[in-house]
Amino acid sequence: MIWRRLFGYFPASLAGGLASFGAVYALTRLLSPADYGFYALALTTMGIVYTLSVTWAEAAAYRFAGAVLTPTARANHIRTVMALLAASAALAIALMSCAILITADPMFRMALTAAMSTMVLTPLVNAAQEMNRAQHRVSRYSTLRVIQDLVAFGLGAFLAWQTGLGAAAPFVGLASVLALLAVIEGSRLWRESHGGQFDPARVKPYLAYGVPVAVALTLNIALDAGDRFLIALFLGPEAVGIYAAGYGIADKTVGLLCIWAAAAGGPMMMAAWESDGPQAVREVSAQVARTLMLIAAPAAIGLALVAGPLSDVMIGENMRAQAAQIIPWIALSGLINGFVLHYVSEAFQLSRRTGLRAGLMVIPAVANIGLNIVLLPWIGLMGAVYATLACYALALLLLALVGRKLAPLSWPWIDFLRIGGACAAMAIGVRLVPAIGGFGELVIKAAAGAVIYVLTAIAFDAAGARAATQHFVRRRAQRI
């Protein structure tokens, strides 16, 4: 079941990866380090404001879409969510306006203004996509995601190349494609909710569930990217650009693979919880954990192994040397964060104890700020990297220990060891490839690593890879 869903979500994951890599490749060449730093700071500011003010309604749209059982209830759910999204978007715009007013640098102010324009459109598109995911509309979700990611990247890169928008260009590109998707999805939701109405009785449970989710995710963003403001304070916007370039390749690559696995596994766990209760989650969660590790672990290890040639190919010359030092550590922290966001956090969301999760996330978020204040003046950019890794590990430990009392999530250690063995074999093989530099080295090492990992994972039957391969071969043979 999970493999079928994974293949369904694969186009969306692939498009996200291409857009993320493409953005780093293009923008680190088209923008100066300082402008790229302003882009990263604007992106982080937008993420924090949006998550704090809007994401709670998106979370409720997803969680409660799986609980509506009648057409009338579904129509009321959609109309209620749309009204809440409008109010939340107004709050987000007000908060971004405040950020713009207190910003002194003209380029940073323009980037923030462009980022704010996306907040009028993103809530509707995201909520519609969350409901698509909750209702297992895999094809529609993937198609819209591919359009959004690839068109936004292409248009943003073109504007950065041909106009003087600078750090604002990617946001203008995103806003343009969101306008199209908002019309498509907004009209669909309005039709599907015909006869429905805003239901005040739904607001309280939606707030009770969604606000703690938003707070926890905001703290996660603060843990993930809040250090960029401290880097700007201690080291300047150019250092932010270098950090964001390395971070953008490593964290986004691993993160997108984790999102891919979670897009397939999350609805399965929710369906098991809603239909059969907490104990039914144990078996499903084991599948999700195995799949998450099987997909994300080799990506993290692989990025660490090819950090040098990958930086040479993907990152502009002014930023690549320091970015290459960052990539291995951020890839590992991305793997840990993948389990924080997309696995152990499920225990709190399934049990609707999202407030507890938000409270726990305060601890690593505050620790990250403290470590950055100490380490950045002492050892420079690597201080932010080490702080991120340590605090993600702390977050995983805290949520796993507390979450096991809320939902019986499985930890299939035998499969984890098998996956680790396959990753070790991959690392040995890649290390034996001579360092010829540039694109050639990257392609050879990536191909060698992928082949070795796949063959070893099948041989070890890591996460059921052998059985899945045999099933796939049998189905193909039957079709022939």
Sequence ranges 95-105, 276-286, ranked by mean other-Cβ count within 10 angstrom, highest first: 276-286, 95-105
Expected vector for segment 75-92, Karplus 3J(HN,Hα) from phi with 6.51, -1.76, 1.60 and θ = phi - 60°, integer Hz, x for Gly and Pro, equals 4, 5, 4, 5, 5, 5, 4, 4, 5, 5, 5, 4, 5, 5, 5, 4, 5, 4
Tell me the mean residue ellipticity at 222 nm calculated for the chain from its helices only (DSSP H runs of n ≥ 4, each -39500 (n - 2.57), averaged over every residue, nearest 500). -29500 deg cm²/dmol
Cross-link candidates for residue 405: which aspartates and glutamates have Cα within less than 20 Å, leaving aside residues fewer than 8 places away along the same chain? 274, 276, 283, 346
For a quick check of your reading of the filter: which chymotrypsin sites (Phe, Trp or Tyr not before Pro) in segment 181-283 sit in a DSSP loop and have no more than 15 other Cβ atoms within 10 Å? 198
Any lysines whose Cα falls less than 23 Å from that of residue 252, other than same-chain ones fewer than 8 residues away, would be 445
Taking only the Cα positions of segment 2-411, the convex hull volume per residue in Å³ is 121
Under a Cβ-Cβ cut-off of 11 Å, what is the net charge of the residues other than residue 331 that fall near it, where Lys and Arg count +1 and Asp and Glu count -1? 0
Work out Dmax and Rg for segment 349-461 from the C-alpha atoms and quote the Rg first, both in angstrom. 19.8, 53
What are the ³J(HN,Hα) couplings of segment 243-253, residue after residue, when phi is run through the Karplus curve with 6.51, -1.76, 1.60 and θ = phi - 60°? Round to Hz, x for glycine and proline. 4, 5, 5, x, 5, x, 6, 6, 5, 5, 4
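Mind ordering 163-172, 429-438 by average Cβ neighbours within 10 Å, highest first?
Working: 163-172: 22.3, 429-438: 12.7.
In descending order of packing, they fall as 163-172, 429-438.
If you rank 143, 45 by fewest surrounding Cβ atoms within 10 Å, what's the result?
Details: 143 15, 45 23.
Going from least to most buried by this count: 143, 45.
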Once phi is turned into θ = phi - 60°, what whole-Hz ³J(HN,Hα) does the Karplus curve with 6.51, -1.76 and 1.60 give for every residue of segment 11-25, x standing for Gly and Pro? x, 5, 5, 5, 5, x, x, 4, 5, 5, 5, x, 5, 4, 4
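Out of every Cα pair in segment 116-252, what percent are spaced more than 18 Å from each other?
On the way: 6564 of 9316 pairs.
Value for segment 116-252: 70 percent of Cα pairs lie more than 18 Å apart.
Å³ per residue of the Cα convex hull, for segment 69-170? Could you put the intermediate results ahead of the total?
Working: hull volume 9.0 nm³, N = 102.
Output value, Cα hull per residue: 88 Å³.
Here, each number is a calculation from the coordinates, and none is a lab measurement. Owing to the predicted nature of the structure, the values given are computational and were not obtained by experimental measurement. A quick note on method: Cβ atoms are made from the backbone with ideal geometry, for glycine too, and the neighbour counts reach across all protein chains shown.
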